[in-house]
1. Could you give the length gained by full extension between His70 and Cys30, i.e. 0.36 nm per residue of separation minus their alpha carbon distance, to one decimal place?
2. So if we plug the beta-carbon distance of Asn102 and Gln42 into 1/(1 + (r/R0)^6) with R0 = 25 Å, what FRET efficiency do we get, rounded to 0.05?
3. Could you derive backbone 3J(HN,Hα) for segment 59-71 from the dihedral phi with the Karplus parameters 6.51, -1.76 and 1.60 (θ = phi - 60°), listing whole Hz in sequence and x where the residue is Gly or Pro?
Amino acid sequence: MASTVATLKGGLVVAVCFVLLHSAMGQFNCSICTPSCNQNCQAIADSDLRKCSNISTDVFAACFKGCSAHCNGNSANAHRSCDIGSCSASSCGCPCARDCCNSCSTSAGQAAYQCTSAAGRVMQFCMPSCTNGCSTYCANGSPPAPAPAPAPALAPAPAPTA
């Protein structure tokens, strides 16, 4: 997922630069280029951050489902109410399910951190590329080079098997 997000971000940055550089009439307005960069890059960053809102819950659910399927006593009672960070014997059940819960809680936290960190770096990659494109185009009238894609985020650690 992280590499897909990074690829999409790179494509969005290039698309934003292209849209900024060409209006509907084919004219380029240098006076609004940099302010438009800020607005468009911030919109991309905000959109990416919103995509992170459920990632820890989604990662935990998928991780725990896969991991705990290998536990003995694979039943709702054996797993009780395991949830992110709530992995005690009283709330989670058998030791295998608790181990899965602890591991998946860590993975979910790492995924959320990586997602929000990547979303926070959008401005770092988007603004320089966009404003450099504005400067280059306004100085000599040549179209800007495509923006570089942001560095991909690391994938969450796999869950241990029982």
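Nothing in this text is a laboratory measurement; each read-out follows from the coordinates by a stated rule. Note that the structure is a prediction, hence the values are computed from the model and not measured. All Cβ positions, glycine included, derive from the backbone under ideal geometry; neighbour counts span all protein chains shown.
1. Numbers: separation 40, 0.36 × 40 = 14.40 nm, distance 6.06 nm.
My answer for the length gained is 8.3 nm.
2. On the way: r = 37 Å, r/R0 = 1.49.
For Asn102 and Gln42, the calculated efficiency is 0.10.
3. Residue by residue, segment 59-71 yields 5, 4, 4, 5, 4, 5, 4, x, 5, 6, 5, 8, 7 Hz.
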